[in-house]
Amino acid sequence: MAFGVLAIQGDVREHLEALRRAGVEAQAVRTPAEVAAAHGLVIPGGESTTIGKLVARFGLMEPIRGLVREGRPLMGTCAGMILMAKTIRAAANDQPALGVMDIAVERNAFGRQVDSFEADLEVKGIEGGPVRAVFIRAPVMSAVDNGVDVLATHEGRIVAARQGNMLALAFHPELTEDSRLHDYFVKMG
């Protein structure tokens, strides 16, 4: 069984390559049956309202929630993290969300596209030195509930966390050659 990358919008190819570097079979998924068959799923970045509407339109909400309930790993990067959150601050009125992770997120917390940046982060559970993180119109976790393990912060703001089989990242690990976070994700399964 392969790991899937939700192929609606965002860095699908880059996530597929990172998963393959992590030593697993990976494929783009677009249908409820493909989500249901995936060993784990990555929801890439992009525009969270658009991705959420397409996930709802294509009937993917319940299959993704089912994947989480069954204990298979789910990783959301940037917009994917927003969709995973139970609370989305500064959301559009029609923002669909999966609501599977006990976090509150603030969209575009580091500013607009022009404010994008890279930073080296110490990430709990990742050995071998800091992880280079690419932040593009990045959200932050403004609150986490009990049971959510904060893995990394930047300037005092939460940018990576894990809850059980779910990994949420405010940044784009797929945009670097470092696949340690994808390795970490694969081992969650």
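The numbers here are math on the coordinates, done by the rules we state, and not lab data. This structure is a prediction, so every number in the text was calculated from the model and none was measured. Methodologically, a virtual Cβ is constructed for each residue, glycine included, from the backbone with ideal geometry; neighbour enumeration extends over all protein chains shown.
A few comments on the model shown:
- Considering only alpha-carbon pairs that sit under 8 angstrom and 6 or more positions apart, the relative contact order computed for region 3-187 is 21 percent.
- Within the shell defined by Cβ-Cβ distances under 15 Å, the residues around N165 carry a net charge of +2, with Lys and Arg each +1 and Asp and Glu each -1.
- Shape call, region 130-189: gyration tensor on alpha carbons, a/c limit 1.5: oblate
- Around the amide H of F171, modelled in the peptide plane, lie the amide H atoms of C78, all under 5 Å away and 5 or more residues distant in sequence or on another chain.
- Whether the chain is rounded, prolate or oblate, judged on the alpha carbon gyration tensor where a/c under 1.5 counts as rounded: rounded
- Rounded to the nearest 500, the 222 nm mean residue ellipticity of the chain from helices alone is -7000 deg cm²/dmol, with -39,500 (n - 2.57) taken per DSSP H run of at least 4 residues.
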